[in-house]
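Below is one structure, written out as structure tokens; the observations come after it.
All of the numbers you see were taken from the coordinates with simple rules; none came from a lab. Keep in mind the model is a prediction, meaning the values are calculated, not measured. In this analysis, Cβ positions are derived from the backbone assuming ideal geometry, glycine residues included, and neighbour counts consider all displayed protein chains.
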Amino acid sequence: MNPRLMLFLLVLCPLTAFAQAPITTNTDSSATAQEWNGPTRAVLLANKPERFTEGEWLRMMEKSVNRSLYPLRVTREMLDTLDTKALDLRFRYEMTP
């Protein structure tokens with residue numbers, strides 16, 4: 001075997017092992033939902049279905065799949081009282097009468 005190839009393999013193998021990062025998962029049940037700003041949180045809680053608790057709803061809406069499945073309904077009164085520029089753009093908003 002070529003000595004350069006052998007040296008390359010001896011250097012490359014340990015480097016690839018160090019490049020692998022372990023996957024960390026948050027399994028702590030006491031972890032709170034992601035902190036959103038005030039207007040976004042207010043719209044989220046106004047759109048919370050009755051069958052979910054506040055914590056369940058906020059944890060569920062952290063996932064991007066659920067953000068697209070549950071559009072947040074905004075009324076004219078909400079727009080008058082909330083700062084609309086501060087709303088999180090990752091959510092889908094729908095105007096309702």
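Of all residues in segment 48-91, those satisfying the criterion of being β-branched (V, I, T) and in contact (Cβ under 8 Å) with a residue 24 or more places away in the chain are V74, T84. The set of residues in segment 65-94 that are of a type in the set (V, I, T) and within 15 Å of the chain's Cα centre (by Cα) contains only V65.
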